[in-house]
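Read the structure below first, then the notes.
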Amino acid sequence: MATAHAESTTQTYDVLKYRKDFPILNQKVHGVPLVYLDNAATTQKPLSVIEAENKYYREYNANIHRGVHLLSQQATKAYEDARVKIQKFINAANSAEIIYTRGTTEGINLVAQTWGRKNVQAGDEILVSAMEHHSNIVPWQMLCEEKGAKLKVIPINDAGELLMDEFKKLVTSKTKLVAVTHVSNALGTINPIADIIQYAHSKGVLVLIDGAQSIPHIKVDVQALDCDFYAFSGHKIYAPTGIGVLYGKYKLLDAMPPYQGGGDMIASVTFEKTTYAKLPNKFEAGTPHIAGVIGLGAALDYVSAIGVDRIAAHEHELLVYGTQALSKIKEIRIIGTAAMKAGVISFTLGEIHPHDIGTILDKQGVAIRAGHHCAQPVMERFDIPATARASFGLYNVKEEIDVLVTAIQKTLEVFA
Amino acid sequence: MSDFSDLYQDLILDHQKNPRNFGEMTDANHHADGYNPLCGDKLTLYLKLDDAGTIQDIHFKGSGCAISKASASMMTVALKGKKTAEAEHLFHEFHDMVMGKIEKAPEDLGKLKVFEGVKDYPARVKCASLAWHTMEAALHNEKDVVSTDDGKGMEG
Ligand SMILES: Cc1ncc(COP(=O)(O)O)c(C=O)c1O
C-alpha cells in the first residue's frame, strides 16, 4: 500500500470520487435521491469489497486449513492474508492476536465467557460506563449473575462525557475488568480511553474496549493504547456483515480457555483428551465466514488507501456543519454535546416522537435511525424514550445535511 | 414525494395531539400493559366491563409515537359501549387491514379506516396495533406485559 499511502497525504479529499465507489448510493428511494445518514448502524460497501467476495465465490471458493488442493490453498492464503492486514491496521504485535468473530457482540461475549468465567469470582466487580451499547452490558450482567459478581457503572454528565473522577473512585481492589466503549453510538462521545487504560493498569485492572464505533473513524493503535481487548465489527467499516474481530494480548488469549469446541480449534482429539490448537485457531471453531474475512481485508485496503485520519477530518467537518445547521432549528435538542465527538448527531424534535421523524424523513429519501440505539440506559439518563440519529460516513457530503435540514422542517410542518 | 397524508392523516394528527379517554381509570376491572420495544411505546389499557360483557368505559395512558397514540385514542372511542365479542371482531379486522391482508378496509371499522395507510409502512404496523393487542390482553386479563416483540409471532 506504499503508493496508496503517498497518495493519501498529497491528494485532496475527493468525496465525489469516493461516492462513486459505492453503487448503492446512486439510487432513488420513494422517488427521491437516497441520503444515507445511518452509518453508525451499518455502512455501505464499496465495489472493491463486493467484488472481493464475489471473486472468492466465483474463482476460489473452498474450505480453509484442510484441503491439499489448489482452491483450498488459495482460500486459506486469502483468509490468513486478511488477518495480517487487520493486524497492521490496528498495529497489533502479532497476527495470532487477531481472532475472527461474527462482530463486536460475539467478541465481547467471547471474553466474558472465557476470560470472565475463569477469572471473575463472587464479590468481584466489573466496571462499564453509562453510555454502553447493550452488547457491552448484557454479557457482563450474565457473567456477574453466574458468578455472584457485581456490575458497576461509571456515570456521565449532561454533555454525555464520562466522569473521570467517579471512574477513578470506582476502581477498587475488587475490580477485575473495565469494559468501555471508545465511541458512543448513541451520543457520539469519544472517550479518553488512553487515560482509562493507563489508570486501570496502574491498579492492575484489565481493560476491554468496544471499538464498534471507533474503528471506522479513529486511527487505532492497540499497542500504543495498551488495551487488553479490543472488539469491532466489519460492517461498520465498509465490510460485510457477519464478520468481526476480537483483538487480545497474546498472553491473555493464550491463557484463556476456548470459547466453542469443534473442528479447526484442536491440535488432536481422542475420546479421552483433546488438546487445543494454538492461537488464533483455538478461538475459531468450525468453518468461518471466509468470504466475509476476505471482504473485511478488502475494506481495510480501501479505507487505508484514503487514510483513516483523512476520513476522520472529513467526518469532523460534517459534524461541525451538521451541528450548526441543526442547532438553528429551535425545536431541536441535541443529545450528546461532548467536547470530543465522532460524526454522530442524536437529537429530539419538540414533542415529535423519533419514530415519526424517521418515517417522514424516509419519505424524503433521508435514512436515519430512530429509537433507543440499543442503549436504553443512555435514554434513561437523558429522560427520553428515544432519539433520532444522523451519523456520517466517508462518502457523505454537506448537501446531504442540507436535505436533512429541509426534511426536518417538513416534519415540523406535518405536526404543526 | 413529500406527501405524508396517506399515513399522517388529519384525524390521526388530531387524536395524537388531543388523545381521547386518556389517563388512568380508578374503577377499571380489567387492565393490561403493552410495550413496543422497537420505538419504546408504552401503554396501559383500562377496561370497565359489566356483567353482560359490555365495555362501559375504556381509558389508556402511556407514551409513544403519533401512530400508536392516535390508534389507542381512536380505539377507545370506537369500543366504548361495544360488547366484548364486537371488540374482538374489530380487533381482527383492524389487524388484517394494517397487515395488508385484505384488499379493502371493512366498512364496520368506520373512522378506524384512516389507519389503512399503515399497511404501506411495514415498520409502523406494530405502532398501530399495540393498543389493540393490549386491549385483547386486558379482556383476557393477561398478566404479562404485551410486547410486540415477544417471539409469539405477533407480527402486527
Ligand atoms: C458501540 C457499539 N457496540 C457494539 C455494537 C454491536 O455491534 P454488532 O451488532 O455488529 O455486534 C454496536 C453496533 O450497533 C455499537 O454501536
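Scanning region A:71-110 for residues that are within 16 Å of the ligand (Cβ to nearest atom) and charged (D, E, K, R) yields A:ARG102, A:GLU106. Listed by position, the helices (runs of 4 or more DSSP H) enclosed by region A:341-416 that each have at least 3 residues that are within 29 Å of A:ARG310 (Cα to Cα) and away from the ligand (no atom under 16 Å from the Cβ) are A:398-414. Residues of region A:281-297 that are at negative phi and more than 17 Å from the chain's Cα centre (by Cα): A:ASN281, A:LYS282, A:PHE283, A:GLU284, A:ALA285, A:THR287, A:PRO288, A:HIS289, A:ILE290, A:ALA291, A:ILE294. Take the conditions (1) over 23 Å from A:ASP383 (Cβ atoms); (2) of a type in the set (S, T, N, Q); (3) within 16 Å of the ligand (Cβ to nearest atom); (4) surrounded by fewer than 20 Cβ atoms within 10 Å (Cβ to Cβ); A:SER173 misses just one of them, which is (3).
Could you list, in sequence order, the residues of region A:12-56 that are assigned to a loop (DSSP other than H, G, I, E, B), of a type in the set (Ser, Thr, Tyr) and over 21 Å from A:GLU317 (Cβ atoms)? The one that is assigned to a loop (DSSP other than H, G, I, E, B), of a type in the set (Ser, Thr, Tyr) and over 21 Å from A:GLU317 (Cβ atoms): A:THR42. Of all residues in region A:368-407, those that are in contact with a Leu (Cβ under 8 Å, 6 or more places away or on another chain), modelled with pLDDT of 95 or more and either over 29 Å from A:ALA130 (Cβ atoms) or away from every other protein chain (no Cβ under 12 Å) (or both) total 13.
The values are calculated or read from the model by the stated rules, or taken from the named source; none is laboratory data. Values in this document were obtained by computation on a predicted structure and should not be read as measured data. When we count neighbours, we look across all protein chains shown, and the Cβ atoms used for this are built from the backbone with ideal geometry, even at glycine.
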